[in-house]
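**Student:** Sharing a structure with you now.
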Amino acid sequence: MGITTRQLETIFDELNERFKTNPHIAIRLGDGDPPKHFEVTYAIKGLHQNNNKEIQEATHHSIAITLPFGFPHFPPHCKPISAIFHPDFDQAAICIGDFWNKNSTLPDLIIHIGNMISGQVFSTENAFNKEAVIWYGQHKDHLPFEIPDFSTESPALEFPVFEEDTFTPLESQKTDAVEETEAAPKPPPLKQEPTFFNKKPVKRFSIRGLFLAGPVVILMILLCLVLYFNNSRYQQAQTLYSACQALLQKNSFAGANQKCNEALSAVRGIKFLGRDQSVTLANNIQTTLNSQKLRQGLSGMVLRNGKYVSKNDEDALIAFNKASDEGDTFMANLSWKEARDRYQQAITILSKISTADKSTLERGDRVKKDLELAQVNILTDEGRQWKETGDLEKAVIALEKAREIAKSLDNAVMVPTLKSIEPLLFVTQFLRFKMTGDTYFAARDWRNASENYQKALDNAKNIQAPPAVQLAELYENKARAELFFAIESGKEAFNNAQWDEAIGNYESAIRLLKENSAILKQVNSEENRQKLSRIMLQASLIRDKQEVARNLKEGKDAEAIGKLQSIIDTITKSSFNREEEFQQAVKEARHSIAETKKNQLIAKGIAYLLENYKDIILKNYSAARYDSLTDPKATFVKDLGERLLFKIECTDNGQGKPLRLIMNYIYDPAGKQWHFYSDTQ
């Protein structure tokens, strides 16, 4: 339902009564009969934004408040008249949020908007003016601009001070005093124009008749009582404010907030005398209540190194420093595992601190380095213990990890740390590789045995004083492993008919015997070299015979003869040429050469006969015609001593029917002559 004129009159009377003497607020009704909106002017510090978008401080601000249909169930509509720069103000409206409810009143709303303008109340989310949100966030140190006391009325009139020698006659002074009082200039509040409701005649009365002797005495007594109670309240407020500051110093924020609010209530109860002091104290209290330290503290934040952090972060930071300090103590006492545990705890705590400052982060980096150094020392001790118990594998793993971590340390720490780790690591690796080589040697795994012995020798180069006995044993076992590997590899290749590989391995074995004759004390090097040389000769003979066979099969007689001659020469030059096995090989090679040469002569003879068969036939058979002879054929028949007997035949087509002609021809290699041959010869 709508608002009646009577209701509007009551509302405005309430506002007029509440703010008529307040120096910060003036209210003027708008147009209409009855008017449903009014303007409020504030005389407080705030911000304006001019036409050039420049932000400036202003001391006067105006807003309009309209009462809607359904008021007070529906909140008033508020909009700025002047260009107020505030996160919750725009040109069309003022965001009062959830302030208005069924228990709210217009005076409360007017004061709330005044607190907004003075910078005490503003939103940081879902605000109307995003630019203002940014500005207010960047200038928190300037907020609030002012803490006006909206409950304050205009300053009360001070009573004149009477001297003792001028106190008589009282009657002659009272009129002047009254007139002086009436003439004293009263600080003007913001101008209030005539309104729809204040057209009623205002009743005025004079206080001249009050200044009689009796009332003056009573007034003086009352004044003394007021002074007493004011002073008591002022002292109470000061005591509460001191308690507030002490609690704030101890970061007891809830208690400080309570004491400051109690002090503010006490100082606001001082209504008449001593206003300057009480206003100053109230401002100080309000400044403390609005201080960043208290506001941040109430929201769970504390100041650390000039920056507000959450209480959880502060507690975590204390725990981080404690764990770090304990880690440093354990490190100084060479208690590496305890130091590692504390440093790991410190790093875990640091990872949960969301607002760590630069110095804390730098200490965190140092703690990480110290943690790595502690881990290096732990691994080094473990490696030393494993070495002493004979578990060289675990010892090497621990020491290698220690060295790897040490390489990431700062150079000043890394160099001496590596100097303490590496000698122990090299000795342990030397022993580990030797032990592993011995294991493979016992299993007749010559290759792996030799490789591990070589790794042990490589590590021995890094040892300042390697054990001489173990070193000598290492060299001998390595030579044996290499020799046995070469011999077994040769045997395997021999069995697989891989003659070149077998010969190569045996040659390696002979070379190793020769090079290590001084080391291989328990090995008869000469005897073994002879055995290996004999096997090598056998392998080369088999290889060469197989090559001869391939050449003969492919018709490469010259190559076959050359290889056979090579076999004869190799055996002749070897120390085994008197052995029956190798003498027989020479005989076979020479026979093969002879057979191959004979086969060459036969092949040449056949080729000659086929090429010249017509001339040969016509020479011995004159009835034939040259162009009638066809289909020649030549074959080797047999040996006749040193001579070779061939048969040549062809077909004569010039006698009416084909006639097969056959004759024997003999070749004498000594004279290189061909002759006709008959069975009677």
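**Student:** To the nearest 10 square angstrom, what accessible area does Trp336 show with a 1.4 Å probe?
**Tutor:** Accessible area of Trp336: about 50 Å².
**Student:** Computed on alpha carbon atoms, what radius of gyration and Dmax characterise the chain, expressed in Å?
**Tutor:** Radius of gyration, then largest Cα-Cα span, for the chain: 62.6, 205 Å.
**Student:** I'd like the chymotrypsin sites (Phe, Trp or Tyr not before Pro) in the stretch 55-110 restricted to DSSP loop residues with at most 15 other Cβ atoms within 10 Å, sorted by number.
**Tutor:** On the way: sites: Phe69, Phe85, Phe89, Phe99, Trp100; in loops: Phe69, Phe85, Phe99, Trp100.
Sparse-neighbourhood loop chymotrypsin sites (Phe, Trp or Tyr not before Pro): Phe69, Phe99.
**Student:** Let me ask something else. Could you check the simple spin-label distance between Glu515 and Asp31, using points 7 Å along Cα→Cβ, in nm with one decimal?
**Tutor:** 11.8 nm
**Student:** Can you compute the label reach from Ala412? Point 7 Å from Cα along the Cβ direction, backbone N cut-off under 14 Å, restricted to the stretch 342-376.
**Tutor:** 366, 370
**Student:** At a probe radius of 1.4 Å, what is the per-residue accessible area of Glu507, in Å² to the nearest 10?
**Tutor:** In the full protein context, Glu507 sits at about 100 Å².
**Student:** Please state, to two decimals, what the Cα-based radius of gyration of the stretch 437-572 comes to when divided by 2.2 N^0.38 Å (N = residues). List each step's numbers first, then the result.
**Tutor:** Details: Rg = 19.6 Å, N = 136, 2.2 N^0.38 = 14.2 Å.
Here the Cα radius of gyration is 1.38 times the empirical estimate.
**Student:** Sorted by accessible area with a 1.4 angstrom probe, largest first, how do Tyr475, Tyr343, Tyr613 fall?
**Tutor:** Working: Tyr475 115, Tyr343 0, Tyr613 25 Å².
Descending accessible area places them as Tyr475, Tyr613, Tyr343.
**Student:** Taking the Cα centre of the chain as origin, sum charge times position over the Cβ atoms of Lys and Arg (+1) and Asp and Glu (-1), and report the length of that vector in debye to the nearest 20.
**Tutor:** On the way: 85 positive and 89 negative charges, 453 e Å.
Result for the chain is approximately 2180 debye, rounded to the nearest 20.
**Student:** Largest first and in whole Å, what are the equivalent-ellipsoid semi-axes of the stretch 344-410 based on the Cα gyration tensor, each being the root of 5 times an eigenvalue?
**Tutor:** Numbers: eigenvalues 209, 24, 11 Å².
The answer is 32, 11, 7 Å, longest axis first.
**Student:** Then there's this: For the chain, give the percent of accessible area contributed by carbon and sulfur heavy atoms, probe 1.4 Å, rounded to a whole number. Write down the numbers at each step before the final one.
**Tutor:** Details: 20810 of 40170 Å².
Carbon and sulfur together cover 52 percent of it.
**Student:** Can you tell me the FRET efficiency between Arg660 and Gln584 if r is taken as the Cβ-Cβ distance and R0 is 56 Å, rounded to the nearest 0.05? Walk me through the numbers before you get to the answer.
**Tutor:** Working: r = 47 Å, r/R0 = 0.84.
Efficiency, rounded to the nearest 0.05: 0.75.
**Student:** Please state the equivalent ellipsoid semi-axes for the stretch 71-110: what are the square roots of 5 times the Cα gyration tensor eigenvalues, largest first, in whole Å? The partial results should precede the final answer.
**Tutor:** Numbers: eigenvalues 84, 18, 16 Å².
After diagonalising the Cα gyration tensor, the semi-axes are 20, 9, 9 Å.
**Student:** Going Cα to Cα from Lys311, which lysines come in below 19 Å? Please leave out same-chain ones fewer than 8 positions away.
**Tutor:** Once the sequence-local lysines are set aside, what remains near Lys311 is Lys250, Lys293, Lys322, Lys352, Lys358.
**Student:** Provide Glu262, Glu17 ordered by accessible surface of protein heavy atoms (probe 1.4 Å), highest first. Show your work: numbers first, answer last.
**Tutor:** Values: Glu262 70, Glu17 120 Å².
From most accessible down to least: Glu17, Glu262.
**Student:** Charges on Cβ only, +1 for Lys and Arg, -1 for Asp and Glu, centred on the Cα centroid of the chain; of Ile65, Gly654, Cys78, which one is farthest towards the dipole's positive end?
**Tutor:** Gly654
**Student:** Quickly work out the Ala472-to-Lys619 label distance, labels modelled 7 Å from Cα along the C-beta direction, and quote it in nm with one decimal.
**Tutor:** The two pseudo-label positions are separated by 8.6 nm.
**Student:** Right, here's the next one. For the stretch 488-554, which trypsin sites (Lys or Arg not before Pro) are both in a DSSP coil and crowded by at most 13 other Cβ atoms within 10 Å? Intermediate values should be presented prior to the final figure.
**Tutor:** On the way: sites: Lys491, Arg511, Lys514, Lys521, Arg529, Lys531, Arg534, Arg543, Lys545, Arg550, Lys553; in loops: Lys521.
The qualifying sites are Lys521.
**Student:** Further, regarding this structure: Provide the packing ranking of 48-55, 345-352, i.e. peptides ordered by the mean count of other C-beta atoms within 10 Å per residue, highest first. Walk me through the numbers on the way to the answer.
**Tutor:** On the way: 48-55: 11.4, 345-352: 17.2.
Sorting 48-55, 345-352 by mean packing, highest first, produces 345-352, 48-55.
**Student:** Give me the accessible area per residue for the chain, probe 1.4 Å, as a whole number in Å².
**Tutor:** Numbers: 40170 Å² over 681 residues.
Per residue, the chain has 59 Å² of solvent-accessible surface.
**Student:** In nm, what is the difference between 0.36 nm times the number of residues separating His675 and Asn599 and their Cα-Cα distance? Working shown, then result.
**Tutor:** On the way: separation 76, 0.36 × 76 = 27.36 nm, distance 1.98 nm.
Value of the extension gain: 25.4 nm.
**Student:** May I ask for the percentage of alpha-carbon pairs in the stretch 397-507 that lie more than 21 Å from each other?
**Tutor:** Details: 3127 of 6105 pairs.
Above the 21 Å cut-off, the stretch 397-507 has 51 percent of its Cα pairs.
**Student:** Under a crude label model (7 Å from the Cα following the beta-carbon direction), how far is Asn462 from Lys647 in nanometres?
**Tutor:** Between Asn462 and Lys647, the label points sit 8.6 nm apart.
**Student:** Set the Förster radius R0 to 60 Å, insert the Cβ-Cβ distance between Asp365 and Leu222 as r into 1/(1 + (r/R0)^6), and round the FRET efficiency to 0.05.
**Tutor:** Numbers: r = 72 Å, r/R0 = 1.20.
So, using R0 = 60 Å, E works out to roughly 0.25.
**Student:** Contour minus end-to-end for Thr329 and His142, with contour as 0.36 nm per residue of separation and end-to-end as the Cα-Cα distance? Walk me through the numbers before you get to the answer.
**Tutor:** Numbers: separation 187, 0.36 × 187 = 67.32 nm, distance 4.60 nm.
Going from the current span to full extension adds 62.7 nm.
**Student:** Please compute, for the alpha-carbon atoms of the stretch 1-156, the extent along each of the three principal axes and give them in descending order in Å.
**Tutor:** Principal-axis extents of the Cα atoms in the stretch 1-156, largest first: 47, 40, 30 Å.
**Student:** Here's another thing I want to ask about it. Can you compute the helix-only [θ] at 222 nm over the chain? Use -39500 (n - 2.57) per DSSP H run of at least 4 residues, normalise by all residues, nearest 500 deg cm²/dmol. It would help to have the intermediate numbers written out before the result.
**Tutor:** Details: 20 runs with 388 residues, N = 681.
Here the helix-only value at 222 nm equals -19500 deg cm²/dmol.
**Student:** Can you give me the orientation-averaged projected area of the convex hull built on the Cα atoms of the stretch 570-681, in nm²?
**Tutor:** Details: hull surface 38.4 nm².
Value for the stretch 570-681: 9.6 nm².
The values are calculated or read from the model by the stated rules, or taken from the named source; none is laboratory data. Just so we're clear, the structure is a prediction, and the values are computed from it rather than from any experiment. Note that each Cβ is placed from the backbone with ideal geometry, even for glycine, and that neighbours are counted across all protein chains shown. Surface accessibility is based on the protein's heavy atoms, side chains included, excluding ligands, DNA and RNA. Shrake-Rupley method; radii C 1.70, N 1.55, O 1.52, S 1.80 Å.
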